[in-house]
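Notes follow the structure.
The values are calculated or read from the model by the stated rules, or taken from the named source; none is laboratory data. Just so it is clear, the model here is predicted, and its values are computed rather than measured. Please note: Cβ atoms are built from the backbone with ideal geometry, for glycine as well, and neighbour counts cover all protein chains shown.
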Amino acid sequence: MHGTYVGSHFTQIAHSDLVVLFGLNLSETRMSGGGQVEELRRALETSKARVIIIDPRYTDSVITEHAEWLPIRPTTDAALVAGIAHTLITEQLLDEALVNRYCVGYDRSTLPDTAAPNASYKDYVLGTGDDGIAKTPEWAADITGIPATRIRQLAREIASARACYICQGWGPQRHANGEQTVRAIQTLPALTGHFGRPGTNNGNWPYGTPYGVPLLPVGKNPITTSIPCYLWTDAIQHPEKMTATTMGVKGADRLKTGIKLFFNQAGNTLLNQHGETNRTRQILADESLCETIIVIENHMTPSAMYADLLLPETSYLEAEDLVDSSYAAGSHNYMIAIQKTVKPMWEVRSTYDICADIAGHLGLREQYTEGRTQAQWAEMHYQQIREKRPYLPEWSVAKEMGVIDQRIATEQQSLAFADFRADAEANPLSTPSGKIEIYSQALADLAQAWTLPEGERIPALPEFCPAKESHLNKALTAKYPLQLSGFHTKGHTHSTYSNVLMLHEAVPDEVWINPIDASARQLKSGDRVHVFNDRGVVELPCKVTQRILPGVAAMPQGAWTRLDGNGVDVGGCINTLTSHHPSPLAKGNPQHTNLVEIKRA
């Protein structure tokens, strides 16, 4: 829709009068004394902007940002945007000339010649498109759970704002219809003109501006075939089904062979963090499929337990390196020299040294290392930076400093689409049309070329596509009536630190359930419950709270899976319940889209 993925830094909120956040929860996902969460706090102190957070949970961010909470049913954000757009159009709250100047497909005048005459977003919203349904606020209210009056008012508030900062977190896209959600949220600032000006955003999540530390050189891979990363278990289990038109294989019409050797380094996705862990267990246990699993780790994670060869790796306390700032550092970027605080213990080695030795056994050590140790690479990269920034100290001094240098992004780096807004012809986006593509001909072509499972679509517009596992599927909700979504807890970072019992005391992993749903099941806070569906059963305590919508439950992700003798996951891993079935377009992660039931354990 935009081409390059980039959003305005949160520092822009210093110029905003309204902030609308979809599924963005920095107070829990980016806790720190700096970076994005601190920039957001300082910007709000400056602007005193009003904040609206749209989320199924009353998150900590609602509290810390003094925000209004608009509780929404999971998977329905695109329906909300369509309902807002209906009010914008029918009440003439948008500048259609401006929208058409910067966008493709808002109305019929900017549709590609290959599109149907009524294929515009305006037709979709007003009900003159193919489905014939007007996307009124009442229509959206039935789907989202947000009252129609509030949807109309939200449309008016966004339209009348001087500078509205619209942004989304990474949770909304982790749904079975996540691509459509992302595109719909990006459409909202395009319709209202809240992009490319101070205090605005383009609807995207804002990556930090990197300092510019070089990476190790990577040679050209002679193998050009690749698969969507979420489908690696499919590439092990049934590679014959992996084709370009069914599962997004690139560089070949189909896979010629399945994955037979697997490297897993510094990650718990081999089992714990991947969808449907019980299925993954069965696949990994069958040694006729993936014959060799190599894990490089410094903790005995659930994934490490499936290693044929487990190579112990240094922790960051045992390593030395030169690193760039975090992708979540916001406009504040920096360069850090990491020094060993303890000598590597026992047989642990750095990943670089492990891979250098493997390359050596293959006769490729010199090509891999170019004659340098990891420390020598760090020094060389520093000298390359110092040539451009001669004010930096000598390496012998810098490597002992920790934080060597800090910089602040420029206004141009911090404001998304500023050049495009100033002159769209001179500064086109990296889309095929050079504009914001509300209607995407590329997606229309892809939808024609690909073979999709029954009930799935890749629409050219950011339409609302109901997810199979949602409250709208009455057949499934008769058996599993609760929508289950995951969230990032303060107690661990993904699955890192989930094995630290002291943190569990401070922030226990619990399934959130609304008092209405808890009462119907005779549950109270602290009760141990079974959360279950056809994919598995998880046991953990419940938290009865009004901070979650009725009909919705929420579990923290990252707990380490651990099955008891009955096959119940007493470790509390949400991925025992999540699906491995990918989203239609990206073939990506749908792990927030689940239907479950809850009962006392």
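Determine whether E387 is exposed (fewer than 12 other Cβ atoms within 10 Å of the Cβ) and of a type in the set (D, E, K, R).
yes
Using beta carbons and a limit of 8 Å, which pairs, at least six apart or on different chains, have the first residue in the range 20-38 and more than 20 Å from Q173 (Cα to Cα) and the second one assigned to a strand (DSSP E or B) and not β-branched (V, I, T)?
Note: pairs meeting the criteria are G34/H332; G35/H332.
Can you tell me which residues in the range 253-297 are charged (D, E, K, R), within 26 Å of H592 (Cβ to Cβ) and buried (at least 19 other Cβ atoms within 10 Å of the Cβ)?
E276, the sole residue that qualifies.
V596: surrounded by fewer than 24 Cβ atoms within 10 Å (Cβ to Cβ) and of a type in the set (A, V, I, L, M), yes or no?
Criteria not met by V596.
Among the residues of the range 392-404, is there at least one that is in contact (Cβ under 8 Å) with a residue 40 or more places away in the chain, part of a strand (DSSP E or B) and within 16 Å of V213 (Cα to Cα)?
Checked the range 392-404: at least one residue is in contact (Cβ under 8 Å) with a residue 40 or more places away in the chain, part of a strand (DSSP E or B) and within 16 Å of V213 (Cα to Cα).
So for the range 327-349 (the condition being in a helix (DSSP H, G or I), surrounded by 14 or more Cβ atoms within 10 Å (Cβ to Cβ) and in contact with a helix residue (DSSP H, G or I) (Cβ under 6 Å, 6 or more places away or on another chain)), does at least one residue qualify?
Checked the range 327-349: no residue is in a helix (DSSP H, G or I), surrounded by 14 or more Cβ atoms within 10 Å (Cβ to Cβ) and in contact with a helix residue (DSSP H, G or I) (Cβ under 6 Å, 6 or more places away or on another chain).
Per-residue answers, yes or no, for (1) in contact (Cβ under 8 Å) with a residue 40 or more places away in the chain; (2) over 30 Å from D509 (Cα atoms); (3) more than 20 Å from the chain's Cα centre (by Cα); (4) assigned to a helix (DSSP H, G or I):
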position	(1), (2), (3), (4)
E456	yes, yes, yes, no
L461	yes, yes, yes, no
F464	yes, yes, no, no
A467	yes, no, no, no
L476	yes, no, yes, yes
K479	yes, no, yes, no
Q483	yes, no, no, no
G491	yes, no, no, no
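Residue pairs, Cβ under 8 Å, 6 or more apart or interchain, first in the range 139-152 and buried (at least 19 other Cβ atoms within 10 Å of the Cβ), second among the basic types (K, R). List them.
Every condition considered, the pairs that remain are I143/R73; T144/R73; G145/R73.
Would a scan of the range 211-224 turn up a residue that is in contact with a His (Cβ under 9 Å, 6 or more places away or on another chain) and farther than 30 Å from I293 by Cβ?
Yes, some residue in the range 211-224 is in contact with a His (Cβ under 9 Å, 6 or more places away or on another chain) and farther than 30 Å from I293 by Cβ.
Which number in (1) at pLDDT below 95; (2) within 30 Å of V19 (Cβ to Cβ) marks the one condition that N177 misses?
Answer for N177: the failing condition is (1).
Which pairs do you get when a residue that is without any contact (Cβ under 8 Å) to a residue 12 or more places away in the chain, found in the range 58-73, comes within reach of a residue that is among the small types (G, A, S) and in a strand (DSSP E or B), reach meaning Cβ atoms under 7 angstrom, with the pair 6+ apart or on two chains?
none
Test of understanding: among P198, P206, P222, P189, which residue is over 19 Å from the mean Cα position of the chain (by Cα), in contact (Cβ under 8 Å) with a residue 12 or more places away in the chain and in a loop (DSSP other than H, G, I, E, B)?
After applying the criteria, what remains is P198.
Return the pair list, or none, for Cβ contacts closer than 6 Å from residues in the range 370-386 that are on the phi < 0 side of the Ramachandran plot to residues that are assigned to a helix (DSSP H, G or I) and surrounded by 15 or more Cβ atoms within 10 Å (Cβ to Cβ), at least 6 apart or on different chains.
From residues that are on the phi < 0 side of the Ramachandran plot, the pairs are Q374/Y352; E379/W395; Y382/W395.
Which of the residues that make up the range 405-445 are part of a helix (DSSP H, G or I) and either crowded, with 17+ Cβ neighbours inside 10 Å or of a type in the set (S, T, N, Q) (or both)?
Within the range 405-445, Q412, Q413, S414, A418, F420, R421, Q441, L443, A444 meet the criteria.
So which of V544, V507 ends up being within 22 Å of S61 (Cβ to Cβ), without any contact (Cβ under 8 Å) to a residue 24 or more places away in the chain and aliphatic (A, V, I, L, M)?
After applying the criteria, what remains is V507.
Scanning for something acidic (D, E), over 20 Å from L476 (Cα atoms) and modelled with pLDDT of 95 or more, does the range 514-533 turn up at least one residue?
Yes, that holds for at least one residue.
Any idea how many residues of the range 305-326 are among the aromatic types (F, W, Y) and either at positive phi or buried (at least 18 other Cβ atoms within 10 Å of the Cβ) (or both)?
Here the count works out to 1.
Would you tally the residues in the range 86-142 being touching a Leu at 6+ places or on another chain (Cβ under 8 Å) and among the aromatic types (F, W, Y)?
Result for the range 86-142: 3.
Does I458 fit the bill of being surrounded by 15 or more Cβ atoms within 10 Å (Cβ to Cβ) and touching a Cys at 6+ places or on another chain (Cβ under 7 Å)?
For I458, the condition - surrounded by 15 or more Cβ atoms within 10 Å (Cβ to Cβ) and touching a Cys at 6+ places or on another chain (Cβ under 7 Å) - is not met.
Out of A329, A266, which single residue is within 22 Å of the chain's Cα centre (by Cα), at pLDDT below 95 and either among the charged types (D, E, K, R) or on the phi > 0 side of the Ramachandran plot (or both)?
Sole residue among the options that is within 22 Å of the chain's Cα centre (by Cα), at pLDDT below 95 and either among the charged types (D, E, K, R) or on the phi > 0 side of the Ramachandran plot (or both): A266.
Give the residues of the range 226-259 that are in a loop (DSSP other than H, G, I, E, B) and out of contact with any strand residue (DSSP E or B) (no Cβ under 7 Å at 6 or more places or on another chain), sorted by residue number.
I227, P228, H238, G248, A252, L255, K256, T257, G258, I259
Any idea how many residues of the range 292-334 are of a type in the set (V, I, T) and more than 16 Å from L261 (Cβ to Cβ)?
3
Of a type outside the set (D, E, K, R), surrounded by 14 or more Cβ atoms within 10 Å (Cβ to Cβ) and at pLDDT below 95: is that true of H471 in this structure?
In short, no.
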